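Asks: First the structure, then my questions, so here it is.
The values are calculated or read from the model by the stated rules, or taken from the named source; none is laboratory data. On a predicted model such as this, the values are computed, not experimentally measured, just so you know. Virtual Cβ from ideal backbone geometry, glycine too; neighbours counted across all protein chains shown. Just so you know, the surface numbers come from the protein's heavy atoms only, side chains and all, with ligands and any DNA or RNA stripped out. Shrake-Rupley method; radii C 1.70, N 1.55, O 1.52, S 1.80 Å.
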Amino acid sequence: IPVEAFDLVIFGGTGDLARRKILPGLFRRYCAGQMPDGARVIGAARSDMDAAGYKDMVADAIREFGGGRSCEDGTLDAFLDRLHYVAIDARGETGWSELTDLMRDSVQVRAYYFSVAPSLFGDLAERLHSHGLADDQSRIVVEKPFGRDLQTARALNASLAEHFDESQIYRIDHYLGKETVQNLMAVRFGNTLFEPLWNAQYVDHIQITVAETVGVGGRGEYYDKSGAMRDMVQNHLMQLLCLIAMEPPAKFDPGAVRDEKLKVIRALDKVEPHHIVRGQYAAGPDNPDFREAVGDARSKTESFVAMKVGISNWRWAGIPFYLRTGKRMSARSSEITVVFKARNHSIFEEDGEDHRNVLSIRLQPNEGITMKVTIKEPGPGGMRLVDVPLDMSFAEALGEDGGDPPDAYERLIMDVIRGNQTLFMRGDEVEAAWAWTDPIIDGWTARGDVPKPYDSGSNGPTDADQLLARDGRIWREVR
Ligand code: BG6
């Protein structure tokens, strides 16, 4: 879908996110013909460099993080021609008049990406306003972490709201830009098959796993103050939970979708302490333990969380949602699994097997959907049942487009330009998510809770397995 010409100003334009995701993503959109004539990308950061230096930096970033997508020779130079750079100080005066000059005659869509620390969001919003750089058509894009609790999230929302209307604010949760996450909605609401069964009557339980093999890497300082609960559960897992559990919105539009997601968050039960397991990874053959990685020998921060969550509404009452995420797990694998109830009567001889339908929606890697169905075992051996996967790998089914979907950031940035907020978090959603998360974290702090150690390369502390075993269930294999 074509987009209008735009000016995208990236504050933090030399930072890690810009180099890894935003700029390579824009380049790929350029290659795909989605950057109309006249569209410009303006890096803005504190570093004192000129446009040529910035272009060199961006070219290096694209080579390193561009994912090697095909783009004909010469195209990179043509993309770099669209780039500008302004050395700017978010809190001082440096650079603002240059930016104003650059934007003076611009009549195209203006988007300002705040890829900076949240403590600068308010200053940037205020400066954009006071320098006349934003009008009521302009958009701002903000990154997580959006606060570290309800109070800070409210303060951030309030500082942005002083200068921008909610319809202009795009809060990124990059999980919403992932191809298969959107497919969750397509599968649920684009088929007649699933929705009638999508409730407490037919569903036994739902599992959401986001497993990573990486550790905290170079982000130890941030991560030690954050932990898996703030870093992953409050946002990414919460969004997945909302999409899987929400009522059908009347339309696929931002207001309707976000209203339904908000209702899910508000219907979440308070989580009992014995329904949560926290873990912290121990050293592996090639990696230090969590405490060494974050540089705090007594850190009580969790790198793993598993929890049992309930949703008190008509559709889901009594059905557990098991969520789990962690670093240094056995494989990089994100999967949502809907386990259906066993059939209520069997006409076949009992074979001791638990035949039931299981729908797995695989977010990454190898995006696809699998449905476990029961069939007759082939051969003359009588009516023996066997479970087989009905497999839909997007790569196989959709060819190149399915196997190489755009990165989440590419899609989300283009949605900003189009003015489509459906895949962005609304302020009230973020606040509701913190309102649910805060008491959990406060409880840990008050009790002096210490996460359980787990081996690097394992799938968390054994307590996480017991959490399900107590209910007679097991986690899906992380693969
Ligand atoms: C980020 C978290 O939001 O998501 C990281 O801060 C995490 O800690 C990352 O590694 C995971 O994203 P993805 O797209 O690699 O699954």
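Asks: For residue 232, which of the numbered conditions (1) out of contact with any Asp or Glu (no Cβ under 8 Å at 6 or more places or on another chain); (2) open to solvent by 10 Å² or more (accessible area, probe 1.4 Å); (3) more than 13 Å from the ligand (Cβ to nearest atom) fails to hold?
Replies: (3)
Asks: Which condition number in (1) at pLDDT 90 or above; (2) not hydrophobic (A, V, I, L, M, F, W, C); (3) not in a strand (DSSP E or B) is the one that residue 2 fails?
Replies: So the condition that residue 2 fails would be (1).
Asks: So, one more: Can you tell me which residue within the range 297-316, out of those that are open to solvent by less than 10 Å² (accessible area, probe 1.4 Å) and either free of Cβ contacts under 8 Å to residues at least 60 places away in the same chain or not aliphatic (A, V, I, L, M) (or both), is farthest from the ligand (Cβ to nearest atom)? Break it down stepwise before answering.
Replies: Filtering the range 297-316 down to residues open to solvent by less than 10 Å² (accessible area, probe 1.4 Å) leaves 299, 302-307, 309, 311, 316.
Now drop any that are not either free of Cβ contacts under 8 Å to residues at least 60 places away in the same chain or not aliphatic (A, V, I, L, M) (or both), which leaves 299, 302-304, 316.
On the way: 299: 16, 302: 12, 303: 10, 304: 12, 316: 25 Å.
Taking the candidates together, the pick is 316.
Asks: Quick check: is even one residue across the range 184-194 open to solvent by less than 50 Å² (accessible area, probe 1.4 Å) and within 16 Å of the ligand (Cβ to nearest atom)?
Replies: Within the range 184-194, one or more residues are open to solvent by less than 50 Å² (accessible area, probe 1.4 Å) and within 16 Å of the ligand (Cβ to nearest atom).
Asks: Can you give me the number of residues within the range 426-479 that are closer than 21 Å to residue 360 by Cβ and β-branched (Val, Ile, Thr)? Outline the logic, then answer.
Replies: Of the residues in the range 426-479, the ones closer than 21 Å to residue 360 by Cβ are 459-460, 464-465, 467-469, 471-479.
Cutting the leftovers down to β-branched (Val, Ile, Thr) gives us 474, 478.
So the answer is 2.
Asks: Just for the range 235-264: of the residues that are open to solvent by 10 Å² or more (accessible area, probe 1.4 Å) and hydrophobic (A, V, I, L, M, F, W, C), which one is nearest to residue 442 (Cα to Cα)?
Replies: Top of the filtered list is 262.
Asks: Can you tell me which residues in the range 6-36 are acidic (Asp, Glu) and more than 16 Å from residue 415 (Cα to Cα)?
Replies: Selection gives 16 alone.
Asks: Consider the range 11-29. How many of its residues are over 20 Å from the mean Cα position of the chain (by Cα) and either farther than 21 Å from residue 178 by Cβ or in a strand (DSSP E or B) (or both)?
Replies: Of the residues in that region, 4 qualify.
Asks: Just the residues that are buried (at least 19 other Cβ atoms within 10 Å of the Cβ) and touching a Pro at 6+ places or on another chain (Cβ under 7 Å), please, taken from the range 402-446.
Replies: 421
Asks: For the range 62-72, does any single residue satisfy the condition of being aliphatic (A, V, I, L, M) and either touching a residue at least 40 places away in the same chain (Cβ under 8 Å) or assigned by TED's automatic domain parsing to the domain that holds residue 417 (or both)? Give the derivation first.
Replies: Going through the range 62-72, the residues aliphatic (A, V, I, L, M) turn out to be 62.
Filter once more, so that each one left must be either touching a residue at least 40 places away in the same chain (Cβ under 8 Å) or assigned by TED's automatic domain parsing to the domain that holds residue 417 (or both): none.
Checked the range 62-72: no residue is aliphatic (A, V, I, L, M) and either touching a residue at least 40 places away in the same chain (Cβ under 8 Å) or assigned by TED's automatic domain parsing to the domain that holds residue 417 (or both).
Asks: Determine whether residue 95 is closer than 24 Å to residue 136 by Cα and more than 23 Å from the chain's Cα centre (by Cα). Walk me through how you get there before you give the answer.
Replies: Working: closer than 24 Å to residue 136 by Cα: yes; more than 23 Å from the chain's Cα centre (by Cα): yes.
Yes, satisfied.
Asks: Strands (runs of 3 or more DSSP E) wholly in the range 77-146 with at least 3 residues that are free of Cβ contacts under 8 Å to residues at least 60 places away in the same chain and either over 30 Å from residue 229 (Cβ atoms) or within 16 Å of the ligand (Cβ to nearest atom) (or both) - which ones? Talk me through it step by step, then tell me what you get.
Replies: Working: elements: 83-87, 109-114, 139-142.
Counting at least 3 such residues, we get 83-87.
Asks: Another question, then. Against the conditions (1) loosely packed, with under 15 Cβ neighbours inside 10 Å; (2) more than 11 Å from the ligand (Cβ to nearest atom), where does residue 220 fall short? Just the number, please.
Replies: Every listed condition holds for residue 220 apart from (1).
Asks: State all residues of the range 195-217 that are more than 21 Å from residue 238 (Cα to Cα) and more than 16 Å from the ligand (Cβ to nearest atom); if no residue qualifies, say none.
Replies: Of everything in the range 195-217, those that are more than 21 Å from residue 238 (Cα to Cα) and more than 16 Å from the ligand (Cβ to nearest atom) turn out to be 196, 197, 201, 202.
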